[in-house]
Amino acid sequence: MLQKPRGTRDFLPAEMAQRRYIERRMRNVAATFGYGEIVTPMFEEQELFTAKSGKGIIGEMYAFEDKGGRKIALRPEITAAVSRAYVNEAQVAPKPIRWFYFAECFRYERPQKGRYRQFWQFGAELIGADSPAADAEVIALSYELLRCSGVQFILKIGHLAPMRHMLAGLNTVEQKRVMAALDKRDMNLFENSLASIGRADLCEPLVRLITAQTLDDVWAVTGDIPEKPRIEETFSCLKDQNIPFAQNFGIARGLDYYTGMVFEGFADNLGAENQILGGGVYRLAHLFGGKDVPSCGFAIGFDRVMVSFGELRPEAAPIVAVVCTPASRSAAYTAAAAFRAAGVTAVMDLMDRSFGAQLSSAIKSGASYAVLIGANEATSGTVTLKNLASASQKKTSLGEAVDEVVNDSC
Ligand code: HAM
């Protein structure tokens, strides 16, 4: 039997109904913040992602040459693609630009629960605003998106400047190694990477920095750095909006393009793959031939949010099953169309079952009503509406049957 590729999933209707429900809620929230949807190609020139995404992502890319010899990659993330689209299409548009997306990404990772090779991100990018209020808006949007989904989560917010300030004496390679250890939250690797470059002395202040509970604790380690007012103002904008968060100046982010504020979201009830959101302030447009522009965004790991909900609710049952004989089929089509026009799910037999077998199949399917149209009903222009829960039934006009079902399902 042929199987789906490793790290991919099939979504059957019950699961899709839940995914679409959460997606719709998220889309509504994004719209209320004034964000419009952007769609970019599922594949791009490899260069787009190798420019600044960082080693981790490049190693996981689905990369190939197309028939024209172009080096192509399935997108491992969407921020770089959105920045390219901004440079191509929207540089002269009034700022700030508020865009959101819901789309699949591809990473050749080791699959496990919550980590897939094809996965969906719900994300947003705010382009052209460089202020604490802009950073806070993006965080507030991410908070509301997660909240509307019903997932239990915590947001952690930091900034790269304090850590970079502390690591200023190290060269770029050394800095990256320390930051990568932090990103993996691997404290042994973190201590070893400092020890291996003879900077074990940095261990104690860095641990104080990443475990600092208040901004004053941070400044006690770093002193007055130039980014201090911006960080304080961003936190203050978040407090003004009652956004709950924990500060964390150990957030390093796996992607290389971040330049300032960074933040991550974690679900309470997930195991190893509990990071459900990542984002921050970055600059990418100038790498793609555009004018340098400040940007800030995030992406929610939609599949992880769905995993956090656990068991699926059973698939929604059809509300009405229309039961007929071959002679009354035409009347049954009319009845089904009338229910559908009123927004009621109506299904008909497709397997040449007898009248009785259609009725028992309707009961088994969990339908709420059967609409019986035998020879009698067909000639009198009526239907028999049977409530399958109570087994009561009555002969009535099609219009009245539709009204009754509509009123019942409101
Ligand atoms: P990221 O942290 O690489 O950031 O991915 C964002 C989220 O996507 C993660 O927090 C995680 O929930 C989800 N995710 C990542 N890889 C997988 C996977 N293999 N399977 C399932 N879910 C996964 C970005 O992609 C940035 N572009 C975010 C951003 C937008 N920064 C600024 N703007």
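How tilted is helix 398-409 with respect to the longest principal axis of the chain? Cα atoms for both, answer in degrees (0 to 90, nearest 10).
Taking Cα atoms only, the helix is inclined about 40 degrees.
Which lysines, if any, have their Cα less than 28 Å from the Cα of residue 239, not counting same-chain residues under 8 positions apart?
95, 156, 228
To the nearest 500 deg cm²/dmol, what mean residue ellipticity at 222 nm is calculated for the chain from DSSP H runs of n ≥ 4 alone, each contributing -39,500 (n - 2.57), summed and divided by the residues?
-11500 deg cm²/dmol
Name the trypsin sites (Lys or Arg not before Pro) in the stretch 342-410 that are in a loop by DSSP and that have at most 15 other C-beta atoms within 10 Å, would you?
In loop regions of the stretch 342-410 (DSSP not H, G, I, E or B), the sparsely surrounded trypsin sites (Lys or Arg not before Pro) are 353.
For Cα pairs less than 8 Å apart in space and 6+ apart in sequence, what is the mean separation divided by the residue count of the stretch 252-410, i.e. the relative contact order in percent?
After rounding, I find 16 percent.
If I stretch the segment between residue 365 and residue 89 completely, what's the gain in nm (0.36 nm per residue apart, minus their alpha carbon distance), one decimal?
94.3 nm
Where does helix 172-183 land angle-wise versus the long Cα axis of the chain, in degrees 0 to 90, nearest 10?
40 degrees
With a/c under 1.5 counting as rounded, go ahead and sort the stretch 201-285 into rounded, prolate or oblate using the C-alpha gyration tensor (a ≥ b ≥ c being the square roots of the eigenvalues; past the cut-off, prolate if a/b is larger than b/c, else oblate).
On the way: a/c = 1.31, a/b = 1.22, b/c = 1.08.
It is rounded, given that a/c, with a ≥ b ≥ c, falls under 1.5.
List the lysines whose Cα lies under 19 Å from the Cα of residue 394, skipping any in the same chain that are fewer than 8 positions away.
By straight Cα distance, residue 394 reaches 386.
Dividing the alpha-carbon radius of gyration of the stretch 297-357 by 2.2 N^0.38 Å (N being the number of residues), what value is obtained?
This ratio for the stretch 297-357 stands at 1.82.
If we sort 246-255, 24-33 on the protection proxy, mean other Cβ atoms within 10 Å, highest first, what's the order? Can you show the working numbers first?
Details: 246-255: 20.3, 24-33: 16.1.
The most tightly packed comes first, giving 246-255, 24-33.
Answer rounded, prolate or oblate for the stretch 319-409, using the Cα gyration tensor with square roots of eigenvalues a ≥ b ≥ c: rounded when a/c is under 1.5, else prolate when a/b is larger than b/c, else oblate.
rounded
How high is the FRET efficiency between residue 232 and residue 10 when r is their beta carbon distance and R₀ equals 45 Å, given to the nearest 0.05?
Once the sixth-power term is evaluated, E becomes 0.40.
In whole Å, what are the extents of the chain along the principal axes defined by its C-alpha atoms, from largest to smallest?
Here the spans come out as 92, 54, 46 Å, largest first.
What do you get for the angle between helix 187-196 and the principal long axis of the chain? Use alpha-carbon atoms, 0 to 90 degrees, nearest ten.
So the inclination is approximately 30 degrees.
Coordinate-derived values only; no laboratory data. Everything quoted here is computed from the prediction, not taken from an experiment. Cβ atoms come from the backbone with ideal geometry, glycine included; neighbour counts cover every protein chain shown.
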